[in-house]
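The values are calculated or read from the model by the stated rules, or taken from the named source; none is laboratory data. As the structure is a computational prediction, the values presented were derived from the model and not from experiment. Note that we place each Cβ from the backbone using ideal geometry, even for glycine, and neighbour counts take in every protein chain shown.
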């Protein structure tokens, strides 16, 4: 039961668009554009970058705008994503490795920049992954996830199947955490400055993808209404957390 949330291991195509973005068949994500702008003031060409939860590696296409030879490593526990990325980006500066955010002993090493986008919300707990992300950074750690004033724990069910104890058997988490909770946890790990950045996006592109993919991607695709990002019957309040090692 404890691994039922790892939906990507059951069907890596639940996020089919990661492949299409990696190959350039779909446009750059709005979050990838903003990530580059968050990194730009701090980045220099000698810096190393870790993309944890990289999926098929589509964020590499964005961060290489900072430097075409960016020292980039992508890590993800879904082996099909890593196999695809190593083939698709062969001959570039990118490296891809099989690694899990819940593994305290992964051998990835240290990086100047560590970022993790659109992943923490889908995990059963944020504490071990966040600790492992922060432990891998020399200076900057950037997280994009669902953040609000209060914490809301939710599950998206791929089917209405439950076990004998009433637990869903086929689902993914869609958790929102409070700024206060996240900040206090990070600061409990050491001397870190934590700041939050509002999410920015072009609603035209997001709504076009909703139109094109909402009926074919199982988890639903983001729709923007009244400047709010909606997935299914939940409002997704995306924010960025910038963690700086002092």
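What single numbered condition from (1) within 17 Å of residue 27 (Cβ to Cβ); (2) at pLDDT below 65 fails to hold for residue 213?
Unmet for residue 213, out of (1) within 17 Å of residue 27 (Cβ to Cβ); (2) at pLDDT below 65: (2).
Could you list all residues from the range 134-150 that are surrounded by fewer than 16 Cβ atoms within 10 Å (Cβ to Cβ) and either over 20 Å from the mean Cα position of the chain (by Cα) or closer than 25 Å to residue 103 by Cα (or both)? Please lay out each step first, then the result.
Within the range 134-150, the first condition is being surrounded by fewer than 16 Cβ atoms within 10 Å (Cβ to Cβ), and the residues that meet it are 135, 138-139, 148-150.
If the condition is that a residue be surrounded by fewer than 16 Cβ atoms within 10 Å (Cβ to Cβ) and either over 20 Å from the mean Cα position of the chain (by Cα) or closer than 25 Å to residue 103 by Cα (or both), then 135, 138, 139, 149, 150 are the ones that fit.
Would you please list the contacts, defined by Cβ atoms under 6 Å and residues six or more apart or on different chains, that run from a residue in the range 10-21 that is more than 15 Å from residue 83 (Cα to Cα) to a residue that is part of a helix (DSSP H, G or I)?
Listed pairs, sorted by first residue: 14/7.
Looking only at strands (runs of 3 or more DSSP E) that lie completely in the range 63-169, which have at least 1 residues being in contact with a helix residue (DSSP H, G or I) (Cβ under 8 Å, 6 or more places away or on another chain)? If you could, list the steps in order and put the result at the bottom.
Details: elements: 71-76, 95-98, 111-117, 137-148, 155-157.
It comes to 71-76, 95-98, 111-117, 137-148.
Does any residue of the range 2-10 turn out to be touching a helix residue (DSSP H, G or I) at 6+ places or on another chain (Cβ under 8 Å), modelled with pLDDT under 95, over 27 Å from residue 237 (Cβ atoms) and surrounded by fewer than 15 Cβ atoms within 10 Å (Cβ to Cβ)?
yes
In the range 44-62, which residues are more than 16 Å from residue 119 (Cβ to Cβ), assigned to a loop (DSSP other than H, G, I, E, B) and in contact with a strand residue (DSSP E or B) (Cβ under 7 Å, 6 or more places away or on another chain)?
Correct list: 47 only.
Test residue 169 against the criterion of being over 16 Å from residue 243 (Cα atoms) and loosely packed, with under 13 Cβ neighbours inside 10 Å, and give yes or no.
For residue 169, the condition - over 16 Å from residue 243 (Cα atoms) and loosely packed, with under 13 Cβ neighbours inside 10 Å - is not met.
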